[in-house]
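Values in this text are rule-based calculations from the coordinates and carry no lab data. Just so you know, these numbers come straight off a predicted model, no measurement behind them. Please note: Cβ atoms are built from the backbone with ideal geometry, for glycine as well, and neighbour counts cover all protein chains shown.
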Amino acid sequence: MKWISSISHEKDIGHALTELRRDVRVQLDAPADLMILFVTPHFESEYGRIPDAVAGALSPALFLGCTGTGIIGAAREVENRSAISVMAASLPGVDITPFYLREEDLPTSDAGPNHWHEALGVAPDPTPHFLLLVDPTGAVPFDPRPLLMGLDFAYPQSAKIGGLASVLRENCLFMGDRQLSGGCAGVALQGNIDVDTVVAQGCRPVGQVMTITGCDGYQLTGLDDRGAVEVLVELYHSLLEEDQELLQRSLHLGIASTGLKTDYGAGDFLIRNVLQLDHEKGTISIGDHLERGQTVQFHIRDPESAHDELDLLLNLYRDEPSTDPAGALLFTCTGRGRHLFGEDHHDSSLFQSILGDVPLAGMFCGGEIGPVGDSTYLHGYTSSFAIFRPRDNDAASP
């Protein structure tokens, strides 16, 4: 197994692909079984040329692509300027199954796992791992959340990770020789491959872990048998001034992925936005459906918290005995990058400083896909890493 990443800043599509071809041939030194391309909207007038141009210049066995306002290649993050990046892989012993799904292709909510296996054309054994590129803004809008729930149901042991195209009206997907609008273009990877995930949501907890004792859909009304607004106001007055300011502009609610723990840490909470506080009604509007009995904790986001969380999660991953990454994809929010950290390449540089010179590509997304606990979610303000390694280490590239 070998992965390589390259990026071009050439403003002409032909020149850019020529530069990428040179890098792929030198670095990969083998036919590309899979190639994933990320492109900025500066090439919008050239989108229609991309599938044929990639086939002619790079000749991958399978080609997948997506548009993003910013892209990542060779572990460099490019925001608000033109670029094209590719991730190419030689994957002996790995079966790669492409699929393209629109809303009408999804099985119904009460369909059995076999209906999902048929819809994707992917058997559950050996365990597949899914890379998902989604365009939510095509002629027919596509909400990826029912797809994620179905994949978790039909393939519970599989990793599912990816992102939403972020160019809005100029979004498109690529698969093989096709340019696609709307839906999900993805691949399932089976055989001699494992896909590990690191999902950094960029927040730190404030206050105490609590239980929801009152809610109605998205409205939070009670925490630990007290009024939710009363609890939040009390929390605000207990914080230092700088954290009070953060609470006013970047407050979130963390929903525990399991209520069975007594000690919660990074990665244990699904982070959701606090949308509105209504003192008169005594409600706090949350960006997800709530249920009584859920374990929750308020969180705030700032650059230091986002850095510290990603640093912790990557170090924990590095220290796992099975870690031997051959390549990685990063799906990060348009609200991170320079906008959050005030510097370029923050997440990519931190990734390589901890895990080494691992080929890394990806894009800035309008929503990030990745697991928290045993379930897969659509996130915001998150960096979701897919880290590839051979299941059989004897097959790794020297």
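Before moving on, here are some points about what is shown:
- Approximating the spin labels as points 7 Å out from Cα along Cα→Cβ, the Thr18-to-His42 distance works out to 1.8 nm.
- Straightening the chain between Asp243 and Arg318 buys 23.9 nm, computed as 0.36 nm per residue apart minus the Cα-Cα spacing.
- Fewest-first sequence of Ile271, Ile369 by Cβ atoms within 10 Å of each Cβ: Ile271, Ile369
- D_trans [Stokes-Einstein, Kirkwood Rh over alpha-carbon pairs] for the stretch 203-300, 4 °C, 1.567 mPa s, µm² s⁻¹: 98
- Placing a label point 7 Å from the Cα of Arg338 along the Cα-to-Cβ line, the residues of the stretch 69-88 whose backbone N sits under 16 Å from it are 69-73, 76-84.
- When you restrict to C-alpha pairs under 8 Å that are six or more residues apart and normalise by the size of the chain, the relative contact order lands at 21 percent.
- Pairwise FRET efficiency - Gln27 versus Ser181, Cβ, R0 = 45 Å, nearest 0.05: 0.90
- Cross-link reach is defined here as a Cα-Cα straight distance under 19 Å, omitting same-chain residues fewer than 8 places apart; for Lys11 the aspartates and glutamates meeting it are Glu19, Asp23, Glu44, Glu46, Asp52, Glu77, Glu79, Glu170.
- Near Val94, the amide H atoms lying under 5 Å from its own belong to Asn192; only residues 5 or more places off or on other chains count, and H is placed 1.01 Å from N.
- The stretch 203-300 - percent relative contact order, Cα under 8 Å, separation 6 or more: 44
- Relative contact order %, the stretch 317-394, counting alpha carbon pairs below 8 Å whose residues are six or more apart: 43
- Per-residue ³J(HN,Hα) for the stretch 69-84, Karplus 6.51 cos²θ - 1.76 cosθ + 1.60, θ = phi - 60°, Hz, x for Gly and Pro: 5, x, 9, 10, x, 6, 6, 10, 9, 10, 10, 6, 8, 6, 5, 10
- Note on Ile354/Glu280: beta-carbon distance plugged into 1/(1 + (r/R0)^6) with R0 of 41 Å gives a FRET efficiency of 0.30.
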